[in-house]
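The numbers here are math on the coordinates, done by the rules we state, and not lab data. This is a predicted model, so every value here is computed, not measured. Because the Cβ atoms are built from the backbone with ideal geometry, glycine has one as well, and the counts that use them run over all protein chains shown.
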2 protein chains.
Amino acid sequence: MISLLIDGRPSHRLNPLDRGFQYGDGIFSTLPVEEGVPLFLDQHLDRLQRDALALGMPCPSRGDLMTDVSTLLKHHRRGILKLQLTRGVGGRGYRPPEHPAITRVVALHPAVTFPETYATQGVEVRYCHIRLGLNPALAGIKHMNRLEQVLARSEWDDPAIAEGLMLDYEGYLIEGTMTNVFLVSQGRIHTPQLDRCGVRGVMRALVLEAAGDLGWPLQESRLTPDSVAAAEEVFLTNSVIGLWPVRTLEGRQYTIGKATLEFREWLRNRTRSASQIASIAG
Amino acid sequence: MISLLIDGRPSHRLNPLDRGFQYGDGIFSTLPVEEGVPLFLDQHLDRLQRDALALGMPCPSRGDLMTDVSTLLKHHRRGILKLQLTRGVGGRGYRPPEHPAITRVVALHPAVTFPETYATQGVEVRYCHIRLGLNPALAGIKHMNRLEQVLARSEWDDPAIAEGLMLDYEGYLIEGTMTNVFLVSQGRIHTPQLDRCGVRGVMRALVLEAAGDLGWPLQESRLTPDSVAAAEEVFLTNSVIGLWPVRTLEGRQYTIGKATLEFREWLRNRTRSASQIASIAG
């Protein structure tokens, strides 16, 4: 059963005139709850604030969002939280209302369990055919216009394939349908530059932080499938899965090397300490 | 007051887990109702069917949609109909359900009244800064991922400006935020090729038909702001407004010439006869 709050009240009744439904005019963030602790909630609230600003939407107070989260976690110790903010109910027409009343939808979904081997032995990955359109004004934002990802994810139903990598319109590597991607090559970490499309994940930001901590030089740049083929290690991240090493990509095998192991360990420690701090604070 | 049917029943309560709200995973079509007649309903239903197919969604039966429309029109003679179809309620995750239960949302909004001069003397138009991303897989489809249009329409609030023209990522002219665009130049009609982005409007298809009828050569191609500056006449179309001549665009003045007048007349006649046929059939 999915617990849901709309504007702080338990409800499954959304006004269909909400601009989130009319135009996908909103943003979201997704994070796991483990042992009662919403992991990296602060970072997710920061991201919502940043994305709202980018779309010219006011952001509800942190207090309101944190109250929603506490309400949902009263009776649950595990699950996946999804926080959605939309530009509220508006008339017909694209023009945003001058003073939008933001809609807050916070849902607690059941925890997802991926095979343990995904994190330990790595995953099989493919390339998607559909490309990501380039739009600097929307790049980086986790907005509610996700048809490209829907079409990409519908390209395969082989359960052995855990994720699909997406290229942009010009053929550069950007991300997975639900993950960010990192390559390890000759002692450096490479990740796609997300200035023209793609989503800047919360876990991606943590990997950038980890690189500094661990002393790995990290570069954001335009990468191609050739860069991927030439890489020694490849790994994927998102808030729900943490880090998955890539084991196979379209026939090419990768080993789980030193870098992947170090980043996985760093993220695990960081997750553990974030969770302990949150427990103490809670 | 807006009358609304969800899956055929009067309701303002949409399940927030609907993929239309989660991902903008759906399509829509908008048309005016005049004297009890939904104008070009057949063409709009055709378009929904075509767009559903393009996104790999089943389309509800025409009968169901027509019943919804009749229900809403029982007590109203005028208004704007918006028909939305989404890939229904699904779990978390981009992957579409194997057998989606499509959600049908049909709404009757109040009629909009634009100044009469818009159609008779033309409108003032600007260029938008935000560009349209290129994605052939979504091009032409009136889908529910409309953030680009929302951001474009929020670029100006001068009520004297009736519409904003949008270029694609590479700088080619595509459309207005809510209209398709046509240029008249040296005896030919030009309209942007919509194979990489943009929406194929129902009224646009009628203009293509009109060109054949009226003997105007019409070309779909890559057009630039230079093509617009060099054109003798420019006009905009959509289902709700019909045809608006462009009077001013960023300082450049246009006259309402022979071509614009002929197309406007053709569309008016076609609308009148479509409306009469629908009245008799109804």
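Using a simple spin-label model with pseudo-atoms 7 Å out from Cα toward Cβ, residue B:229 and residue A:77 lie 6.9 nm apart. The Cα-based radius of gyration of the stretch A:116-273, divided by its Kirkwood radius, gives an Rg/Rh of 0.93.
Note on chain B: with a GNM built from Cα contacts shorter than 10 Å, the maximum mean-square fluctuation among B:79, B:215, B:26 falls on B:215.
Here A:271, A:86 are placed in order of increasing Cβ neighbour count within 10 Å, fewest first, which gives A:271, A:86. Based on C-alpha pairs under 8 angstrom that are at least 6 apart in sequence, the stretch B:1-94 has a relative contact order of 43 percent.
Taking 0.36 nm per residue of separation and subtracting the current Cα-Cα distance, fully stretching the chain between residue B:273 and residue B:220 would add 16.4 nm. The length gained by stretching the chain between residue A:13 and residue A:261 to full extension, at 0.36 nm per residue less their Cα-Cα distance, is 84.8 nm.
With chain A treated as a Gaussian network of Cα nodes joined by springs under 10 Å, which of A:24, A:198, A:187 yields the largest mean-square fluctuation? Per the Cα network of chain A with a 10 Å cutoff, A:187 tops the list.
Between 0 and 90 degrees, the angle of helix A:202-214 with respect to the longest Cα principal axis of chain A falls at about 40 degrees. For the stretch A:117-160, the equivalent ellipsoid derived from the Cα gyration tensor has semi-axes of 25, 14, 10 Å, listed largest first. Normalised Debye scattering of chain B at q = 0.15 Å⁻¹ gives log10 I(q)/I(0) of -1.21, counting only Cα atoms as equal scatterers and leaving out solvent.
3J(HN,Hα) along the stretch B:246-259, derived from phi through the Karplus expression 6.51 cos²θ - 1.76 cosθ + 1.60 where θ = phi - 60°, amounts to 8, 9, 9, 9, 6, x, 7, 9, 10, 9, 8, x, 4, 4 Hz, with x in place of Gly and Pro.
For the stretch A:91-175, the Cα-based Rg and Dmax, in that order, read 17.4, 51 Å.
Here's the picture: a label point sits 7 Å out from the Cα of residue B:35 along the beta-carbon direction, and within the stretch B:95-110 nothing has its amide nitrogen under 11 Å of it.
Averaged over peptide B:134-145, the number of partner chain Cβ atoms lying within 10 Å of each residue's Cβ comes to 5. Across the stretch A:186-276, the fraction of Cα-Cα pairs farther apart than 19 Å, rounded to a whole number, is 40%. Computed from the C-alpha gyration tensor, the three semi-axes of the ellipsoid equivalent to the stretch B:3-109 are 25, 15, 10 Å, from longest to shortest. With N counted as the residues of the stretch A:16-55, its alpha-carbon radius of gyration over 2.2 N^0.38 Å works out to 1.44.
Mean partner shielding of peptide B:24-37, defined as the number of other chain Cβ atoms within 10 Å of each residue Cβ, is 2. Normalising the average separation of contacting C-alpha pairs (under 8 angstrom, six or more residues apart) by the number of residues puts the relative contact order of chain B at 19 percent. The stretch A:69-100 and the stretch B:176-202 have Cα centres lying 36 Å from one another. The Kirkwood radius of the protein assembly as shown, taken over pairs of alpha-carbon atoms, gives through the Stokes-Einstein law at 4 °C and 1.567 mPa s a diffusion coefficient of 52 µm² s⁻¹.
Only DSSP H runs of four or more residues enter the estimate; each adds -39500 (n - 2.57), and after division by the residues of the protein assembly as shown the mean residue ellipticity at 222 nm equals -9000 deg cm²/dmol. With contacts taken as Cα pairs under 8 Å at a separation of at least 6 residues, the stretch B:49-139 carries a relative contact order of 26 percent. Of the GluC sites (Glu not before Pro) found in the stretch B:100-183, not one falls in a DSSP loop while having at most 12 other beta-carbon atoms within 10 Å.
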